[in-house]
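Just below is one structure, and these are the notes that go with it.
The values are calculated or read from the model by the stated rules, or taken from the named source; none is laboratory data. Model, not experiment: these values are computed from the prediction. Methodologically, a virtual Cβ is constructed for each residue, glycine included, from the backbone with ideal geometry; neighbour enumeration extends over all protein chains shown. Keep in mind that these areas ignore ligands, DNA and RNA; they rest on the heavy atoms of the full protein, side chains included. Shrake-Rupley method; radii C 1.70, N 1.55, O 1.52, S 1.80 Å.
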Amino acid sequence: MFSTLKSQLYTITLSFTIVSMLLLFIAFIHNRKIEEQILANLKLKQTEYLIAKGNNYINLFMLYESIDSNFYKKKESKYYDKFMLNEKEIKTELLNYNELNTKNKDEIRNLKYKIDSISKYFKTLISLQLKRGFKDYGIVGSMRDNIHWIENEKALNKSDILMLRRHEKDYIIRQQKKYIVEHNLLINKLLQRTNSKNTIFHLKSYSEKLNNVVSLDNQIGRMGDSGKTKELNLEMSSISKLISIIVHNNTKYKNTLLKIYKFGYFGFAATFFILSILASVYISSRMSRQFHFLSKTIRKFIKSDFKIKVDLPYKEDKNEIHNLTRDFIILSKEISDYINYFQEKVDEQTQKLTNQKKLIEEKNIEITSQKEKLQDQYKIILKQTSKVEEQNKKFLDSVYYALQIQNALLPNTHALDQMFSNNFIFYKPKDILSGDFYWARTIKINEIEYKIAVVADCTGHGVPGALLSMLGILFLDEVIVNNKIISPAKILDFMRYKIILTFQQKENFAKISDGIDMAICVFNEKENNLKFAGANRDLYLFRDDKLNRFKGDNMPLGKFIKTDKFNEFEISLNDDDLIYMMSDGYSDQFGGKNHLKYKVSNLRILLSEVAKMPIKIQKDALSLNFDNWKGNCEQIDDVLIMGIKYNHKRIKETVSTNKSKKNQITK
C-alpha cells in the first residue's frame, strides 16, 4: 500500500493536515472564549459608562431643571425621561452580557436591583423638588406670596423686610442653618411688635413655609452630604465597586484560559513537529540516492549539447523515481533526434536570411536618399512658420495698440462715478477689440446740466466692430459736444445721417450693410426726468419691484429699408429708480444644458431679481450668471450692460461737492 512515493507523501500530508486542523480548531475555540470574556468586559464598561451618564442626568436635573420654571409648569422632567431611556439601554447591555458570560449571575442580579433602586431614588427626588418649588411654584412660591403681601401692605419697616429676605436668600445660596436661626429670631421679634392679625398670619405662614423648605432641602440633600442625594451617591459608589468585582472575575477567568492554552497547545504542537521531522528524514533518505544518479546524468547530457547516449539502471514499476529514470532515457533519445533534424532546417533558413539581408541593404540606401530630401523640405517649412509667427506677432501688437486707443475713448470709472454716484458697467468683449461701446458726457446748456448716457452695439465684433465703434464715438462727440444737440431722437437722426453719408463715399456702398444699434438717455436733474430714444435697443426701468420696458424703434443707425424719424420717450424719475441699457450679446449667448439662446425673456427675469441687490453687487451677479450659463460654449458676441441708480438727493450733494472743489481749486 505504501510502496509508491506518492502514497507515502499523501499519507504524511493527510496526517499533517488533520493535526493542523485540530490545532486550528483548538485555537479557534480558545480565542472565541477569550473574545467572549473581552467583549463581556467591554459590555460592563459600556454599562458603567451608561450608569455614569444616568448619574449625570440626575446632576443636570439638580443643577438646571430644579431652577427652571418650565419644569414646575409641566411637572415633568426631561432628564428623568432621558434617565429612563438610559436605564433601558443599561438593562439591554446586561442582557447581552448574560448571553456572553454565564458566570457572575448573582452579581449581575444584584446590579440590576441597584439600578432599579436608583430610578426610584430619582423619582422620589423629583417629587420632593416639585413639592419644594422654585420662584412662583410650590412651597417657595407660596412663601413668597406671604412676604410680598407684607411688602405691598407696608405692615412692617422696609429694613426689617429686607433683612428677612436677606436671611432667606443667604440660606438658599449657602444652605447654612445659621441663617434660618437668625431668620426665626427676627420673625419672633416682629411678631411681638405688631398687632395686626393679617400681618401675624402672613409672618407665621412665611416662617413655617421657609422651615418646610429647609426640611425638604435636608430630605433632598442639596449639598450632597445628606438626604436622597447622599443615598444616590452611595448607591452609585456600590455599583462601581460591583462592576469592578465582575471585571476582576472575568479577567481572572481569561488568564486561566490563557495558561491552559499556552501549555496544552504548544506541547502538542512541539510533539507533532518532531514526528514530522523524523518522517521527512526517512522519506528523503530513500529518495536522495536515485535522484542523485538521475541529476548527475542530466547535467552531463546538457553539457554535451544533448549528444551523449544516456544509460542509467532502474527497476521497472518500483516507484515514481525509477519510472522517471526510464522516461528520461526515452526522452533523451527523442531530443537527440530532434536536434539533428532542426540543425538541418537552421542551415537552410540561414542561407535565406543572408539573401534577404542583401535586399534590405539596397532598400536602406534608397530610404536614406528620401530622408535627406524630406529634411530639406522640413527646413523650408520651419522658415515659413517663423515668418508667419512674426507676422502674427506684429498683427497682435497692432490689435493691442488699437485696444489702448479704444479704451482711451471710453469713459473711465472715475468720470462715470462723478456723473452717477451709483452705477455699474458689465463689459465683456468677445475678442480683444469690441464692437460694443458706451459713452457718457455732462453738457451744460442755459445753466442747466444734462447728463447723457449711451450704450451702442456695432455690427460685428473684433477689428471691424471696433473701427465702427470708434466712428460712432467721434460722431457722438460731434453731435452732442460740438453741436449741443440734447434730444435723444435728434441725436439718433443725426448719427444715422452721418453713418450713411460716410459709407456713401465708397464705391461698394450697395454691399455695405453695417450699422449701429444704440440706446440714449438724457437726464435732466432739475426736472427729475429723463428722455430716451433707441435704435433697435430698449430701455428698462425698475420701480416698485416691477421692471418696465420702453421699446426703441426697430431701425438701426445705417442703411435700412425704413428711415422714419426716431421716437422719443420722456420719463419722470423717482429716487432709487434703476435704469438699464444693454446690447444683445447677453440675451443671444448660447449655453445651458441644451446649448440654447439665453433669450430676452430670461434676461428680464434676471434683471428683476438683480435689481433688488445693491448696485455695486449687480455687476458681479450678472457676470456670474453669464459664466454659469455659457459653461463650455464659445462666447458668440460682445456683451455690454449699463446700470444706473437714480437718486436726486445724492446727485445734488455730488454737484455741490464738485462745485466746492472747483471753487477751492480756483482760489
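In summary, Asn195 fulfils each of the numbered conditions (1) more than 19 Å from Leu130 (Cα to Cα); (2) not small (Gly, Ala, Ser); (3) not in a loop (DSSP other than H, G, I, E, B) with the single exception of condition (3). Glu570 falls short on exactly one of the conditions (1) touching a residue at least 40 places away in the same chain (Cβ under 8 Å); (2) crowded, with 16+ Cβ neighbours inside 10 Å; (3) not in a loop (DSSP other than H, G, I, E, B), and that condition is (2). Considering region 448-479, and only residues there that are assigned to a loop (DSSP other than H, G, I, E, B) and more than 19 Å from Ile425 (Cβ to Cβ), the residue that is most open to solvent (accessible area, probe 1.4 Å) turns out to be Thr459.
Summed over region 426-447, the residues that are in a strand (DSSP E or B), crowded, with 17+ Cβ neighbours inside 10 Å and among the hydrophobic types (A, V, I, L, M, F, W, C) give a count of 4. In region 583-601, the residues that are loosely packed, with under 12 Cβ neighbours inside 10 Å form Cβ pairs under 9 Å with partners that are of a type in the set (Gly, Ala, Ser), at six or more places apart or across chains, as follows: Lys593/Gly631; His595/Gly631; Ser601/Ser587.
Within region 370-390, can one find any residue that is among the charged types (D, E, K, R), closer than 30 Å to Met470 by Cα and either part of a helix (DSSP H, G or I) or open to solvent by less than 80 Å² (accessible area, probe 1.4 Å) (or both)?
Yes, region 370-390 contains a residue that is among the charged types (D, E, K, R), closer than 30 Å to Met470 by Cα and either part of a helix (DSSP H, G or I) or open to solvent by less than 80 Å² (accessible area, probe 1.4 Å) (or both).
Any residue at all in region 369-379 that's of a type in the set (Phe, Trp, Tyr) and over 60 Å from the mean Cα position of the chain (by Cα)? So far as region 369-379 goes, no, none of its residues is of a type in the set (Phe, Trp, Tyr) and over 60 Å from the mean Cα position of the chain (by Cα). Residues in region 381-429 that are modelled with pLDDT of 75 or more and of a type in the set (Asp, Glu): Glu389, Glu390, Asp417. Among the residues making up region 120-160, a single one is farther than 20 Å from Tyr72 by Cα, part of a helix (DSSP H, G or I) and small (Gly, Ala, Ser): Ser159. When Lys204, Lys209 are checked against the criterion of being in a helix (DSSP H, G or I), in contact (Cβ under 8 Å) with a residue 12 or more places away in the chain, among the charged types (D, E, K, R) and buried (at least 19 other Cβ atoms within 10 Å of the Cβ), Lys209 stands alone in meeting it. On inspection, Asp217 does not qualify as open to solvent by less than 80 Å² (accessible area, probe 1.4 Å) and modelled with pLDDT of 85 or more. Remark: pairs (first residue in region 482-493, of a type in the set (A, V, I, L, M); second residue in a helix (DSSP H, G or I); Cβ separation under 9 Å; 6+ apart in sequence or on different chains) = Ile485/Val479; Ile485/Ile491; Ile485/Phe494; Ile486/Ile480; Ile491/Leu476; Ile491/Val479; Ile491/Ile480. Only one of (1) assigned to a loop (DSSP other than H, G, I, E, B); (2) surrounded by fewer than 18 Cβ atoms within 10 Å (Cβ to Cβ) is not met by Ile486, so which one is it? The number of the failed condition is (2).
Tyr64 meets each of the listed conditions (1) in contact (Cβ under 8 Å) with a residue 60 or more places away in the chain; (2) within 38 Å of the chain's Cα centre (by Cα); (3) within 25 Å of Ile173 (Cβ to Cβ) apart from (1). Cβ-Cβ distances below 9 Å connect the following pairs, each with a first residue in region 451-467 that is closer than 27 Å to Ile485 by Cβ, a second residue that is of a type in the set (Ser, Thr, Tyr) and open to solvent by 10 Å² or more (accessible area, probe 1.4 Å), and a separation of six or more residues or different chains: Lys451/Thr442; Ile452/Thr442; Ala453/Tyr438; Val454/Tyr438; Val455/Tyr438; Ala456/Tyr438; Thr459/Ser513; Gly465/Thr459. Of the listed requirements (1) open to solvent by less than 30 Å² (accessible area, probe 1.4 Å); (2) modelled with pLDDT under 85; (3) out of contact with any Phe, Trp or Tyr (no Cβ under 6 Å at 6 or more places or on another chain), Gly54 misses just one: (3).
A Cβ distance below 8 Å, combined with a sequence gap of six or more or placement on separate chains, defines the contacts here; from region 619-646, residues that are assigned to a loop (DSSP other than H, G, I, E, B) reach residues that are among the hydroxyl-bearing types (Ser, Thr, Tyr) in the pairs Asp637/Ser583; Asp638/Ser434; Asp638/Ser583. Put simply, of Leu410, Leu433, Leu416 the only residue that is more than 18 Å from Asn524 (Cα to Cα), among the aliphatic types (A, V, I, L, M) and in contact with a strand residue (DSSP E or B) (Cβ under 7 Å, 6 or more places away or on another chain) is Leu410.
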